[in-house]
Amino acid sequence: MNNSIVITGIGVVSPLGIGMDMLWNNLLAGKTTLKHFADLEAAGYRNTHACRVQDFAAPPVHRGTYMALDATKQAIAQSRIQLPENTGVFLGSTLGESMAYEMAAEGAAIDPGQYNTFSIAKAIAGAYRLTGPVQALSTACTAGNYAVGMAMHALQRGDISVAIAGGAEPFSRIAMVGFSRSRAMASDACKPFDAQRSGMILGEGAAIFILERMNDAVQRGATPLAKVYALGLSCDAYHPTSPHPDGRGLSRAMMAALQQAGISKDEVDWVNIHGSGTKVSDTAEALALKSVFTTGMPVLSGSKGAIGHALGAASALELAICAQGIATQTIPPTAGFTVQDTAIGLGCTTAVVQKKIRIAINNASAFGGLNASLVLGSCLS
């Protein structure tokens, strides 16, 4: 029997809704969550629009943890699994509970060291009394892909029998300031690959997955949603914030993932793009795609126009969308894309696409030149 690593549960807390069904239905309906926030205006921010999770109660310094725990509970429920004690936890986050740093800077009696990226992963392990390995990945916007990839490797080695993996990131005013000053923020909305794109929109959220070996999942009667084949990683080693202009780093990551998986580029049906909406990043990603898919371009789609850029949780949320798309054989539309950029020469789907999806790639790139491409596959015969 095939003993691939599979996803059997997905949990999501996102600006488009809490729970995979709500996120998915709103995404297919073409909804977006971009809003003006009075608190950002009152604080004097240049950019006052964002994509934030609404109606989610949590203490400010534990918002990321609460979102991750909620998503974990959802994933466990869908998987219908009794977690073994040695379950591993692999969690990606850029800043962790960034509000603690903000409050400490404003004079609150808080030790921000207690609220770092590891604190969220540790909270999940503690909530379920898990004694397996716990890893916190702080690789910026690639962290979710990294976390799921590390979980896949641990399962392949036989270190663990079940993994909880994903990403979580609360809204960060620190990040808002940084991106604003670097002029990476959009003047209106995030428009991935669009001719009129002007930057990113900050988001937040969490996406958590239950991963296990196919044999174990089938034996206990679980329903595998998608296979996780391989993780390709690279670093541009070019610039602290900008990707290499020709996209060579992301190209290497995609090719490495396909090679590890033993899959031809011609078998790829869909690429869930990083699509941050910035001029430089989208151009580099487009060039990377062209360098890999020389004989035919897969369907391209992206979600940051709908849910914003959730930093360390971004690739995890997008992986949830990718896995759901594979499970339902459906590719969602790309919010924000309306006019093809002739300089890029690639377009994203603006309509719901129903098609056979055998193989998909979930792309992520980050500051520091990091690139992470996950190859997923269908569990349908």
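For segment 172-214, give me each residue that is among the charged types (D, E, K, R), touching a Phe, Trp or Tyr at 6+ places or on another chain (Cβ under 9 Å) and over 20 Å from Thr334 (Cβ atoms).
Scanning segment 172-214 gives Arg173, Glu204.
Could you tell me which residue of segment 277-293 is surrounded by the most Cβ atoms within 10 Å (Cβ to Cβ), considering only residues that are polar (S, T, N, Q) and touching a Pro at 6+ places or on another chain (Cβ under 8 Å)?
Per the stated criteria, the residue is Ser281.
Of the numbered conditions (1) crowded, with 21+ Cβ neighbours inside 10 Å; (2) touching a residue at least 60 places away in the same chain (Cβ under 8 Å); (3) not in a loop (DSSP other than H, G, I, E, B), His274 fails exactly one; give the number of that condition.
Unmet condition: (3).
Report the residue count in segment 295-309 for those that are without any contact (Cβ under 8 Å) to a residue 40 or more places away in the chain and part of a helix (DSSP H, G or I).
Number of matching residues: 0.
Gln340 passes all but one of (1) touching a residue at least 60 places away in the same chain (Cβ under 8 Å); (2) within 21 Å of the chain's Cα centre (by Cα); which number fails?
Every condition holds for Gln340 apart from (2).
Of all residues being crowded, with 23+ Cβ neighbours inside 10 Å and small (Gly, Ala, Ser) in segment 324-359, which is nearest to Met214 (Cα to Cα)? Just the residue, please.
Gly325
Residue under question is Thr350, and the condition is that it be under 19 Å from the mean Cα position of the chain (by Cα), over 23 Å from Ser242 (Cα atoms), modelled with pLDDT of 95 or more and in a loop (DSSP other than H, G, I, E, B); does it hold?
Numbers: under 19 Å from the mean Cα position of the chain (by Cα): no; over 23 Å from Ser242 (Cα atoms): yes; modelled with pLDDT of 95 or more: yes; in a loop (DSSP other than H, G, I, E, B): yes.
Judged against the criteria, Thr350 is not a match.
Residues to consider are Asn215, Asn145; find the one that is buried (at least 23 other Cβ atoms within 10 Å of the Cβ) and over 21 Å from Leu34 (Cβ atoms). Steps first, answer last, please.
Working: Asn215 fails: buried (at least 23 other Cβ atoms within 10 Å of the Cβ).
Going through Asn215, Asn145 in turn, the sole match is Asn145.
Considering (1) buried (at least 17 other Cβ atoms within 10 Å of the Cβ); (2) on the phi < 0 side of the Ramachandran plot, say which one Gly199 fails and leave the rest.
Only one criterion is unmet by Gly199, namely (2).
In the list Gly96, Gly30, which residue meets the criterion of being among the small types (Gly, Ala, Ser) and closer than 23 Å to Gln114 by Cα?
On the way: Gly30 fails: closer than 23 Å to Gln114 by Cα.
The conditions single out Gly96.
Within segment 50-62, can one find any residue that is touching a helix residue (DSSP H, G or I) at 6+ places or on another chain (Cβ under 9 Å) and among the polar types (S, T, N, Q)? Outline the logic, then answer.
Let us first name the residues in segment 50-62 that are touching a helix residue (DSSP H, G or I) at 6+ places or on another chain (Cβ under 9 Å), namely 50-51, 53, 56-62.
Checking the rest, the ones that are also among the polar types (S, T, N, Q) come to none.
Checking segment 50-62: not a single residue is touching a helix residue (DSSP H, G or I) at 6+ places or on another chain (Cβ under 9 Å) and among the polar types (S, T, N, Q).
Since Pro15 meets every condition but one in (1) crowded, with 20+ Cβ neighbours inside 10 Å; (2) more than 28 Å from Ala184 (Cβ to Cβ), which condition does it not meet?
Unmet for Pro15, out of (1) crowded, with 20+ Cβ neighbours inside 10 Å; (2) more than 28 Å from Ala184 (Cβ to Cβ): (2).
Only residues that are polar (S, T, N, Q) and either at pLDDT 95 or above or surrounded by 24 or more Cβ atoms within 10 Å (Cβ to Cβ) (or both): list them for segment 360-381, please.
Quick first cut of segment 360-381, residues polar (S, T, N, Q) only: 362-363, 365, 371, 373, 378, 381.
Within segment 360-381, Asn362, Asn363, Ser365, Asn371, Ser373, Ser378 meet the criteria.
Do we have any residue at all in segment 204-215 that's assigned to a loop (DSSP other than H, G, I, E, B), assigned by TED's automatic domain parsing to the domain that holds Ile18 and under 27 Å from Gly64 (Cα atoms)?
Filtering segment 204-215 for residues assigned to a loop (DSSP other than H, G, I, E, B) gives 204.
Among the residues that remain, those that are also assigned by TED's automatic domain parsing to the domain that holds Ile18 are: 204.
Checking the rest, the ones that are also under 27 Å from Gly64 (Cα atoms) come to 204.
Checked segment 204-215: at least one residue is assigned to a loop (DSSP other than H, G, I, E, B), assigned by TED's automatic domain parsing to the domain that holds Ile18 and under 27 Å from Gly64 (Cα atoms).
Return the total of residues in segment 67-86 being surrounded by fewer than 23 Cβ atoms within 10 Å (Cβ to Cβ) and more than 18 Å from the chain's Cα centre (by Cα).
Of the residues in segment 67-86, 11 are surrounded by fewer than 23 Cβ atoms within 10 Å (Cβ to Cβ) and more than 18 Å from the chain's Cα centre (by Cα).
Hey, could you check segment 340-362 for residues that are touching a strand residue (DSSP E or B) at 6+ places or on another chain (Cβ under 6 Å) and among the hydrophobic types (A, V, I, L, M, F, W, C) and say which is nearest to Ala286 (Cα to Cα)? Lay out the reasoning, then the answer.
Here is the first cut: in segment 340-362, the residues touching a strand residue (DSSP E or B) at 6+ places or on another chain (Cβ under 6 Å) are 347-349, 353-354, 357-362.
Next, from what is left, pick out any that are among the hydrophobic types (A, V, I, L, M, F, W, C): 348, 353, 357, 359-361.
Working: Cys348: 11, Val353: 21, Ile357: 21, Ile359: 19, Ala360: 16, Ile361: 14 Å.
Selected residue: Cys348.
One residue is enough: does segment 314-334 have a residue meeting the conditions in contact with an Asp or Glu (Cβ under 6 Å, 6 or more places away or on another chain) and at pLDDT 95 or above?
We begin by selecting, within segment 314-334, every residue in contact with an Asp or Glu (Cβ under 6 Å, 6 or more places away or on another chain); these are none.
No, that holds for no residue.
Would you pick out the residues in segment 117-152 that are over 19 Å from the mean Cα position of the chain (by Cα) and over 18 Å from Ala71 (Cβ atoms)?
Across segment 117-152, the qualifying residues are Arg129, Thr131, Gly132, Pro133.
Which residue out of Ala175, Ala165, Ala189 is assigned to a loop (DSSP other than H, G, I, E, B) and either surrounded by fewer than 24 Cβ atoms within 10 Å (Cβ to Cβ) or assigned by TED's automatic domain parsing to the domain that holds Tyr66 (or both)?
On the way: Ala175 fails: assigned to a loop (DSSP other than H, G, I, E, B); Ala165 fails: assigned to a loop (DSSP other than H, G, I, E, B).
On inspection, the qualifying residue turns out to be Ala189.
Find the helices (runs of 4 or more DSSP H) located wholly in segment 15-132 whose residues include 3 or more that are assigned by TED's automatic domain parsing to the domain that holds Arg213 and at pLDDT 95 or above, and list them. I'd like the intermediate steps shown before the answer.
Values: elements: 20-28, 38-42, 63-79, 98-105, 117-127.
The helices (runs of 4 or more DSSP H) meeting that bar are 20-28, 63-79, 117-127.
So which of Gly296, Gly221 is out of contact with any helix residue (DSSP H, G or I) (no Cβ under 9 Å at 6 or more places or on another chain) and surrounded by fewer than 18 Cβ atoms within 10 Å (Cβ to Cβ)?
Gly221
The values are calculated or read from the model by the stated rules, or taken from the named source; none is laboratory data. Please read all numbers here as calculations on a predicted model, not as lab measurements. Using ideal geometry, Cβ is built from the backbone for each residue, glycine included, and neighbour counts are taken over all protein chains shown.
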